[in-house]
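Everything below concerns the one structure shown next.
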Amino acid sequence: MRPYLSLILAAIGAASTPALAQTAPASPQERPPEDEVVYFVLPDRFENGDTSNDRGGISGGPLDHGFDPTHKGFYHGGDLKGLTERLDYIQGMGVTAIWFAPVFKNKPVQGETGKESAGYHGYWVTDFTSIDPHFGSNDEFKAFVDAAHARGMKVYMDIITNHTADVIDYTEGKATGYAYRSLADYPYSRRGGADGEAINEGFLGDYEQTEGNFARLTSPDFAYTPIVPEAEREVKVPAWLNDPIYYHNRGSSTFSGESSLYGDFAGLDDLYTEHPRVLSGMIEIYQSWITRFGIDGFRIDTAKHVNPQFWQAFVPAMLETAEVEGLSNFHIFGEVFSESPNSGFLAQFTRRDGFPAILDFAFQSSVREALGRGVPPSVIVDMFAGDVNYEGGEEAALGMPTFLGNHDLGRFSTLLKADIPDISQDELLARVKLGHAMLMSLRGSPVIYSGDEQGFVGDGNDQAAREDMFASKTASYNDNDLIGTDATTAEANFDTEHPLYSLIAELAAVRTEHAALRRGKQITRSYNDTAPGLVSFSRFDPEEGTEYLLAFNTSAEPLKQQSAIGYSARTLETLSGACADTVSAPGSVTVELPALGWCIARVSETAQ
């Protein structure tokens, strides 16, 4: 074990304060997005409240109905009833909003022979209007939303407009390996290439996104010849989705260049989002989820793979619908995958595309760099400096959903273990705790990935990061070595005494009690730019201006050094971690932190 790390948990624990009582407004819609502590969950992997829907009402074997709890890529049985029954557990952590993976009806199983997997994750939609029967019914979804709202909790839906399930095939696909066919080599005006038969006379391409122009697009076989299996000709709902004319039909995306917008995402049918009918159809679909169920926000999948003009119309339509329904704080945040701590790439989607918020991959990357890769904590400072680039600047950045890991990238614990292969369990727990202290106190709306609060440590990303909270039958999950517990995923993990659950609950209570940690302006104070070590910030109460000091030690050694603080500060009240009682001099405070420790404090007395 590294020096001093045997003392980490004791030092941090001794400095902790008990959780404060939490009260929610009568209506969750009263809260702005930056007030929320969000819990992200895959319903299939959370709790099985009704075993009768495990197979989704489909007969046959696993390759028909998709249910195989021993396989990490198939349905395991979690559902909306189970999620509803566990609301006490979720709310006990201080969570105020639940975001769950898509629950729309999916194609149960897809994939080439021998490589099949199921739609347990929810991203292979066939019916955009109904709940997947593996998860329950529309009535059960309404009951869940109502139950959450009764507790003052919000409900965020995960939605998709970029693609549907993989139904459309191409006549030429196998011969070409479904290689992407570009706009230049395969123009809309010719069938099968620039030298092919003339088609779609008068169509001016999708630069002119008008109904009149798209009325001239009548043949979808400009690049590939789309074919739909007879058994699936009417599988998609609404019915207009079954017409290949509403898809790009250009082959597989390489996730770069032109294909990022026009190519099929991992073989899924890529919607022609430039088409006015697709735009109006998607607006109608998602308006109905707001009006029928009164949900509180959308996380939008694969946002960067859709043309900006689509979002420029779609986002305002959703916000206007929500406003009419009395949902004045309806939150929309897009998924724009990035592995860079530089937020500039993300910010363009708020300025050009019109997203109110973007899932904060830059925050995730910067914290990983600082806690997993030995990068000086100045990487976090630089990331926050980029907040001015977002539409609305630093104030808008307050509502950015921040996170440490997820179901795609992998868990934060898993990423740290990959970065530091010889890390001990104690040190891994300490680094994960520090990450959560940052997540829960720095600017943004923190997102907790289901299972992180129980110390889950996966084998990797994607399917390997989607362990069951209820007793798992998946061998590759059950052999994982969890942190903060002797439990395994072979048993249910809803332990409200787990050190990470307890820490998140404590920090959520502090955050709820102190508006500065939710809505307060944040400024950088002091930081190390040559090696791991101190990074400190101040946040300010939005009404009274009271200063709060946040200090973090990213080093595996204890530290004692000065941090800048406001010149009027005199004494401090510790809210979490290890903090000084008084300043050393006007404008300076001694910060003494254990290895991987932190301080969250309120300035309790100022100069008169």
task: Take region 411-430 and flag every residue that is among the small types (Gly, Ala, Ser) and within 18 Å of Ala465 (Cβ to Cβ).
output: Ser413, Ala418
field: Selected residue (only one of Leu404, Leu434 is among the hydrophobic types (A, V, I, L, M, F, W, C), assigned to a loop (DSSP other than H, G, I, E, B), under 19 Å from Leu550 (Cβ atoms) and in contact with a strand residue (DSSP E or B) (Cβ under 8 Å, 6 or more places away or on another chain))
entry: Leu404
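Evaluate the following for Glu592: is it touching a strand residue (DSSP E or B) at 6+ places or on another chain (Cβ under 6 Å), in contact (Cβ under 8 Å) with a residue 24 or more places away in the chain and more than 26 Å from Arg368 (Cα to Cα)?
So Glu592 fails the test.
Select, from Arg511, Arg525, the only residue that is modelled with pLDDT of 95 or more and touching a strand residue (DSSP E or B) at 6+ places or on another chain (Cβ under 6 Å).
Arg525
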message: Restricting to region 33-66, name every residue that is assigned to a helix (DSSP H, G or I) and open to solvent by less than 30 Å² (accessible area, probe 1.4 Å).
response: Pro33, Asp35, Pro43, Asp44, Arg45, Asn53, His65
query: Do we have any residue at all in region 178-200 that's touching a residue at least 24 places away in the same chain (Cβ under 8 Å), closer than 16 Å to Ala101 by Cα, in contact with a Ser or Thr (Cβ under 6 Å, 6 or more places away or on another chain) and buried (at least 19 other Cβ atoms within 10 Å of the Cβ)?
result: no
- prompt: Residues that are in contact with a strand residue (DSSP E or B) (Cβ under 9 Å, 6 or more places away or on another chain) and at pLDDT 95 or above: which helices (runs of 4 or more DSSP H) entirely in region 114-223 hold 1 or more of them?
  reply: 138-150, 173-176
message: Which count do you get for residues in region 481-490 that are touching a helix residue (DSSP H, G or I) at 6+ places or on another chain (Cβ under 9 Å) and open to solvent by 10 Å² or more (accessible area, probe 1.4 Å)?
response: 6
task: Out of Asn406, Asn389, report the one residue that is at pLDDT 95 or above and open to solvent by less than 20 Å² (accessible area, probe 1.4 Å).
output: Asn406
message: Just the residues that are open to solvent by 50 Å² or more (accessible area, probe 1.4 Å) and in a helix (DSSP H, G or I), please, taken from region 234-260.
response: Ala239
message: Quick check on region 104-125: of everything there that is in contact with an Asp or Glu (Cβ under 6 Å, 6 or more places away or on another chain) and not hydroxyl-bearing (Ser, Thr, Tyr), which residue is most open to solvent (accessible area, probe 1.4 Å)?
response: Lys105
message: Residues that are open to solvent by 10 Å² or more (accessible area, probe 1.4 Å) and of a type in the set (Asp, Glu): list the helices (runs of 4 or more DSSP H) wholly contained in region 267-384 that include at least 2 such residues.
response: 308-324
task: Filter region 519-535 for residues that are within 26 Å of the chain's Cα centre (by Cα) and either among the acidic types (Asp, Glu) or crowded, with 23+ Cβ neighbours inside 10 Å (or both) and give the result.
output: Val535
query: Inside region 503-553, can you point out the residues that are over 22 Å from Pro33 (Cβ atoms) and touching a Pro at 6+ places or on another chain (Cβ under 9 Å)?
result: Glu506, Tyr527, Asn528, Asp529, Thr530, Ala531, Pro532, Gly533, Leu534, Val535, Phe552, Asn553
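The values are calculated or read from the model by the stated rules, or taken from the named source; none is laboratory data. Everything numeric in this text was worked out from a predicted model, so none of it was measured. For neighbour counting, all protein chains shown are included, and Cβ atoms are generated from backbone atoms with ideal geometry for every residue, glycine included. These area figures cover heavy atoms from the full protein model, side chains too; ligands, DNA and RNA do not enter into them. Shrake-Rupley method; radii C 1.70, N 1.55, O 1.52, S 1.80 Å.
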